[in-house]
Amino acid sequence: MSEAAVGVPALDQVAPAIEAGYRAGALRRLLRRPAAAFGLAVIAAFVAIALFAPWLAPYDPLLTSWSAVRKAPNAAHWFGTDEIGRDVLSRVVFGARASLLAGVVSVFISLSLGIPIGLLAGYAGGRIDALISRLTDAVLACPFLILAIALAAFLGPSLTNAMIAIGISATPVFVRLTRGQVMAVKVEDFVLAARAIGNSPWRIALVHVLPNAIPPLIVQATLAIAAAVIAEASLSFLGLGQQPPAPSWGSMLNVAKNYIDNAPWMAIWPGVSIFLLVLSFNLVGDGLRDALDPRSR
Amino acid sequence: MLTFLIRRIATILPTLVFVSMLIFGLQQLLPGDPAVVLAGEERDPNVVAYLHQKLHLDEPLPMRYLYWVRGVLHGDLGESLRLQQPVLDLILQKLPVTIELALLAITIALAIGIPAGIVSAVKRNTAWDYGANIVALWGLSTPNFWLGIMLILLFSVTLGWLPASGYVSPREDLRANLAAMIMPAFVLGNAIAAVLMRHTRSAMLQVLSSDYVRTARAKGLAERGVVMKHALRNALIPIITLGALELGTLLSGAVLTEQVFTIPGFGKLIVDAVFNRDYAVVQGVVLFTATTYIVLNLLADIAYVIVNPRLRVQK
């Protein structure tokens, strides 16, 4: 017991130090990749736009003007105006809030549900694992967007319900990933050592196993934000997300498709914004995958 | 092979049970009395009473689930309140349109994704590789409903080459059918092409570095023969399975694509049902989609074992 007590602090101090150094190195490796650095810069720009929207937007995004209906881009309205004279640039700026919020909150919901369930399945094994795995398979069998549409339809159309629907629909991926990582890590020597010195199963799972399963989850979470941004835009495009008149890129495209022959600018900028934001999260996700891969060290 | 089949089917049965529970459970998300909500805005007392009886709402939840499953097993997915038709009939009516769209989209995805993946792997770290990766990232990051709108702007509004929306049956006029379907099929195939390209690239890179490919090269075989005959054949095996998993993307994408191009398919059915609060149709479509997905994955697994004899021994 005394030997173990001496060994534990040493192990607990050395491992985090190595881990911290590795993660700092991973961030450096990420920033050295031009594509990932570009992605991070674009995401930072969109976050800034969302946070400072009231100061950046030239007009109130809900302000209608019957004298400026479907005006082409000009000096007063850089991105033009929509079917009831609202400034498209201001709506694109405010629309960043809905997209970023949906991306982050949905993935937070998926992580909050997926990590504990996956940890339980992977660590407990046996019947609990079999039950959770079959449940996960069942949710995965329903195509992501179709399940999100069904959930949003039954919960009622709103941005909050869209985020819940996207979060629940994306959870199985995190359950599977956490389970797989935990199953791989729990047979490692350091976990067996932690068990041998008498740590409780909960302490082993949370302190020793989970931190080692985190890197792939970070990569998946980044890519899942990209998918959630598209999913929110899709649900809003179908009328199941952000409700009018509140601005959202998806709902702006839903209206814009009806005016594509005489006001194409209404469709261009919200789409470009979704594309840029999703591309950036994909670039950062790809970059993180390489940067956190131990083989690339 | 038979043991593998039995074991594989045994694993999908509990999944199907959970899928049915999940979809039945959707109804429980409705606030208040489901019969009142399901009866629509008019809330006709006769309809409410009929639904109470049909859905066995006075019985405990497990009994209601069993009644519902019994109906599903007999092909009764419920009835559309708006269209006054059995849900299964509605699905079967719309399905051929979506199947045509899906087949065209898969053809386009294969025609773009696999050659791009091969070129990218064979010419690794060259301009070709970077170019193919950029195209794949574009495909993965572009919302397909926006791509659809942009294609309508270019090919319908500006150039006037293709119809912006609508559907003509291939039996009526094949040319008009293809003109109406080519844009939606491209939009739908675009994202899948990107995924296929990435899978093909990584599978080809793995195969190209294997010993038997090195031996084929050492024998002096032409590079084209080595790539197409020796490497691609083996690389295609995982691509087939991963391709089957893209069915979900295909069906999800069809919902949006059919909405943009006003195609009266399976995807449009669920969206219209959502807006008309036709919940039985929503449930029916999700159940049908999930079951199809599970069955197709089972078939893909079987195909994988058939084309790869080593797995037959292992399983």
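From the Cα gyration tensor of chain B, with a ≥ b ≥ c the square roots of its eigenvalues, which class applies: rounded if a/c is under 1.5, or else prolate if a/b is larger than b/c, or else oblate? Oblate is the answer for chain B, as a/c is 1.5 or above yet b/c matches or exceeds a/b. For the cross-link pairs B:K94/B:K268; A:K71/A:K257; B:K54/B:K94, the ones whose C-alpha atoms lie over 18 Å apart are B:K54/B:K94. For the options A:V284, A:V88, A:V187, a Gaussian network treatment of chain A with springs between C-alpha atoms closer than 10 Å singles out A:V187 as fluctuating the most. Partner aspartates and glutamates whose Cα lies under 15 Å from the Cα of B:K219, excluding those fewer than 8 positions away in the same chain, are identified as B:D211. Evaluating 6.51 cos²θ - 1.76 cosθ + 1.60 at θ = phi - 60° for every residue in segment A:123-132, the Karplus couplings come out as 7, 6, x, x, 5, 4, 4, 4, 5, 5 Hz, glycine and proline recorded as x. When you restrict to C-alpha pairs under 8 Å that are six or more residues apart and normalise by the size of chain B, the relative contact order lands at 24 percent. Between B:T262 and B:I240, the contour length at 0.36 nm per residue exceeds the alpha carbon distance by 4.8 nm. Computed over chain A with a Gaussian network model linking Cα atoms closer than 10 Å, the most mobile of A:A246, A:A152, A:A50 is A:A246. In terms of its C-alpha gyration tensor, the protein assembly as shown comes out rounded, because the ratio a/c of the largest to the smallest axis stays below 1.5. Across segment A:117-187, C-alpha contacts under 8 Å between residues 6 or more apart give a mean separation that, scaled by the residue count, equals a relative contact order of 49 percent.
3J(HN,Hα) couplings calculated from phi for segment B:262-269 with the Karplus curve 6.51 cos²θ - 1.76 cosθ + 1.60 (θ = phi - 60°) are, in sequence order, 6, 9, x, x, 4, x, 5, 4 Hz; Gly and Pro show x.
For the protein assembly as shown, adding -39500 (n - 2.57) for each run of n ≥ 4 DSSP H residues and dividing by the number of residues yields -24500 deg cm²/dmol at 222 nm. Between B:M1 and A:R32, the simple spin-label model (points 7 angstrom out along Cα→Cβ) gives 5.2 nm.
Find out how many positive minus negative residues lie around B:L188, taking Lys and Arg as positive, Asp and Glu as negative, among other residues whose Cβ is under 14 Å from that of B:L188. It works out to a net charge of -2. In straight-distance terms, cross-link reach from A:K186 covers every one of the lysines whose alpha-carbon lies under 30 Å from its own, apart from those fewer than eight places away in the same chain; here that gives B:K315. Using C-alpha pairs under 8 Å with a sequence gap of at least 6, the mean separation divided by the residue count of chain A gives a relative contact order of 25 percent.
Mean-square fluctuations from a GNM of chain B, with a 10 angstrom spring cutoff on Cα atoms, peak among B:L296, B:L162, B:L73 at B:L73.
Every number here is computed from the coordinates shown, using simple stated rules; none is lab data. Source: prediction; values computed, not measured. Here Cβ is always computed from backbone atoms with ideal geometry, including for glycine, and neighbour counts include all displayed protein chains.
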